[in-house]
Amino acid sequence: PAAQDGGRPGRPHCPVSADPRARAVVRADELRRLIAYHRKKYYVDDAPEISDADYDALERELREIEQRFPDLRTPDSPSLRVGGEPAEQFVTYRHRVPLLSLDNAYDEKELREWDERLDRALGGAARTYVVEPKVDGLSIAVHYRDGVLERGVTRGDGFVGEDVTSNVRTIRSIPLRLLEPVAFLEVRGEVFMPLETFRKVNAERQEAGEPPFANPRNAAAGSVRLLDPRITARRRLDCFFHALAAIEVATAPPTHWERLGLLRALGLRTHPLNERCDDLDGVLRAIERLRGLRHGLDYEIDGAVVKVNEADLQDRAGATSKFPRWAIAFKYPPERATTRVRDIAIQVGRTGALTPVAELDPVPLAGTTVSRASLHNEDEIRRKDVRVGDWVVLEKAGEIIPQVVKVLPERRPPGTVPFAMPDRCPACGSAVVREEGEVVRRCTGATCPAKRREALLHFASRGAMDIQGLGEALVDQLLARDLVRDVAGLYRLDLDTLAGLERMGRKSASNLLAQLEASKARPLHRLLFGLGIRHVGQRAARLLASAFGSVEALAAASEDDLLGVADIGPATSRAVRVFFEQEANRDLLRRLAEAGVRTTALPEERAGAPRLAGSPLAGKTVVLTGALPGRSREEAKALVESLGGRVAGSVSRRTDLVVAGQAAGSKLADARRLGVKIVSPEEFERMVAESQAAAAGGAAGAAIE
Ligand code: IVH
């Protein structure tokens, strides 16, 4: 067929049938060919012929046909792109050929030394090279059998990785079917997260109260290892292939460069900036060219990979136990810039945390202009002795956010003074305190405008009450005119007041009122999250809503009651208690309830989440060691988890319980040393039975309510 030799597929010559199924067969076949053709044009040739929308329409039509006639679904169905059911855990997979790592060179001298070693190993044989960008992501091995994607495996330790096939299928630049039905093919590539996606994912995580990823590489690695492929699908990962690891056809081409060409012919994307070089000087020029180009890309490149081009010479050079001798990674040093600290400003967050931020003379660094850098906290500033007026070195290495690496003492102007954190909140003048064991200072002012602003924005955010239209500009106006002091005040706003604000017509004012009205009926966990109680993120809020069922019950819960909820730890329990002990907070909740905001859980929030207080395993961290009669390790683990406990792999001071079966080893010794409670398998079974009874009672109680 035309698509297989790269030409544009034409309409198949087929008699038109009246039978809908027969018609579907023909059309599905045609769609598959069109999809294969246009996906290669888009991903591999970087020369799309149709718009993204038209391409999506082709995939959609095929998905619809497959939905109507499920037997027409093939292993390269576009429905696989959206991610299937979540897995319990990943299966490990032993690589057919180990995934070696690369040795590094940090400058020209080290690169020349590598080439000299190579020259000796190859007895001076003439060779050429390929230089490729080293995309900063994670290594992946992908197998195709009879042209169909069969398996995707992470690098792991190089010998054994994890089978992440369902997640790999969601990556659109990885074809589900090759353009030729090759018997077997293993390719290696680098999966990464584009910077734009990385920023979006982190913004969403922050809004949801989850910790942001430190850099795109961690984000990509975390996303490939998610058990729920539907979430991976939304992370929009991307991939370039850089090596042919195994192929079962007559012969693989004799050079790496031609092999890269073969990958493209099969529909596998390789990096467009790869270059073939005749000698080492050419290699150095290619490395310099890449250095200049790398900041223009929408993903991070931390170096260049230099490879010997001739496959027979690669084989002759061989490998050490860790690296191939025929390839090396040239690492670009992290980019640095020097600039002056104009001022050190203090930001006040929602929890009252004071964060020092360096305001800088703007300076270009790694593709952007930097004018601010977080100084994290006072200990960090003291350690580096950063002062207003200082010249500092900034670095961006892997992270998007610039860091102050050090101060240049020789350029310190006279008259600077060590920076001192304020004793009073810069926003409201209230006292600030630094609690035992914390690195941050917090404002204690209950009415601090900076805290209020952040609290209002958090309450309205998407993961919380989702009040659209209540953004920064509006919150600032509401606070400046003293129209709102806390989140309950939002529900007393009226049309005339809102319509009288800047950049607010009657239309947007009434939209906002409708949004506020709708927010009153949100599930309880959204309200709990929206209150901004310390340590209560979205997950904890769900657990609390399901365990207690109402604000009133939660407010009345003791710290022990809270600790009895599976996965609610001591810090959260304490924080919830502290929150409800404040009269101002109880008053706030009364006013929210009076305004008509739901303070009880929806039935579905409570369902399936029995109250586990009183169960001896709920909330406990358990370590299993030795053999448990009649139960596999997996079974015992699942059991503990279903009863609200957590199973850890090693014993620490945080372990609550060690179950010591027959032939228990070093974990038992650790437990004795640390004084952790140890129980026999029989005692464990008793605890399980008791927990099951508690869970059954709790569930019944919840059902009656
Ligand atoms: S070749 C035997 N090519 O860098 C050769 N690796 O530090 C093995 N990487 O684990 C690797 N871009 O994940 C190769 N164009 C490229 C690469 C590349 C990124 C990664 C790869 C590898 C790591 C080694």
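Some values worked out for this structure:
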{"read-out": "Antiparallel DSSP beta bridges within the chain, percent to nearest 5", "value": "85 percent"}
{"read-out": "MRE, 222 nm, helices only [DSSP H, n ≥ 4, -39500 (n - 2.57), over the chain, to nearest 500]", "value": "-11000 deg cm²/dmol"}
{"read-out": "Amide hydrogen neighbours beyond the local backbone of R269, cut-off 5 Å, H modeled", "value": "F241"}
{"read-out": "Rounded to 10°, Cα long-axis angle of helix 108-121 versus longest principal axis of the chain", "value": "40 degrees"}
{"read-out": "Packing-based ranking, highest mean first, of 311-323, 95-107 given that Cβ atoms within 10 Å are counted", "value": "95-107, 311-323"}
{"read-out": "Region 427-470-region 265-314 distance, computed between alpha-carbon centres (Å)", "value": "48 Å"}
{"read-out": "Convex hull projection area averaged over all views, the chain, Cα basis, nm²", "value": "40.9 nm²"}
{"read-out": "Dimensions in Å of region 295-416 - Rg and Dmax from alpha carbons", "value": "20.7, 67"}
{"read-out": "Reach of K134 by Cα under 15 Å, taken over aspartates and glutamates that are not fewer than 8 positions away in the same chain", "value": "D103, E190, D238, E275, E288, D298, E300, D302"}
{"read-out": "Listed residue pairs exceeding 24 Å between alpha carbons, taken from K322/K396; K40/K200; K109/K331; K109/K406; K322/K406; K637/K667", "value": "K322/K396; K40/K200; K109/K406; K322/K406"}
{"read-out": "Degrees separating the helix 280-293 axis from the principal Cα axis of the chain, which is the longest one", "value": "30 degrees"}
{"read-out": "Set of lysines with alpha-carbon distance to K507 below 25 Å, sequence-local pairs under 8 removed", "value": "K520"}
{"read-out": "3J(HN,Hα) from dihedral phi, region 33-42, Karplus parametrisation 6.51/-1.76/1.60, rounded to Hz, x for glycine, proline", "value": "5, 5, 4, 4, 5, 6, 5, 5, 4, 6"}
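Computed from the coordinates by the stated procedures, all read-outs in this text should not be read as laboratory data. Remember, it's a predicted structure, so these values are computed and weren't measured experimentally. So basically every Cβ, Gly included, is an ideal-geometry build from the backbone, and we count neighbours across all protein chains shown.
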